[in-house]
Amino acid sequence: FALQIVLGILAMIPIMWFSRRREFGADAFSARVYGREAMISALLAIDRWVHRAQPEYSTQDPLVTFKISGKTGGILGLFASHPPIEERVAALQRLS
């Protein structure tokens, strides 16, 4: 039973890695469709909202659950479904 739990936790690492990679792809696609600056603006708006809402909804906020705010670093970052917003914005800025 304990091995099953450990293996389940370890299996989440590549699954979440793939999810973060897909998010970069989705951002790039949206930048092509709607414009790079529009995507960057939208991501920064999400970041501002998360920072405003965190004190009020720190345990209830669904974005915190998915680690969308990008404030989870270290080993916990391996389990985040979304890359940090700062990384997403940087990737969009590198697009030509």
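General observations
- Other residues lying with their Cβ under 15 Å from the Cβ of E37 contribute a combined charge of +3, Lys and Arg counting +1, Asp and Glu -1.
- Rounded to the nearest 0.05, the FRET efficiency derived from the C-beta distance between A90 and F1 at R0 = 35 Å is 0.25.
- Full-extension gain in nm, I15 to I75, via 0.36 nm per residue minus C-alpha separation: 20.1 nm
Any read-out appearing in this document is the output of simple, stated calculations on the displayed coordinates, not a laboratory observation. Predicted model only: the values in this text are computed from it and were never measured. No Cβ is skipped: glycine too gets one built from the backbone with ideal geometry, and neighbour counts run over all protein chains shown.
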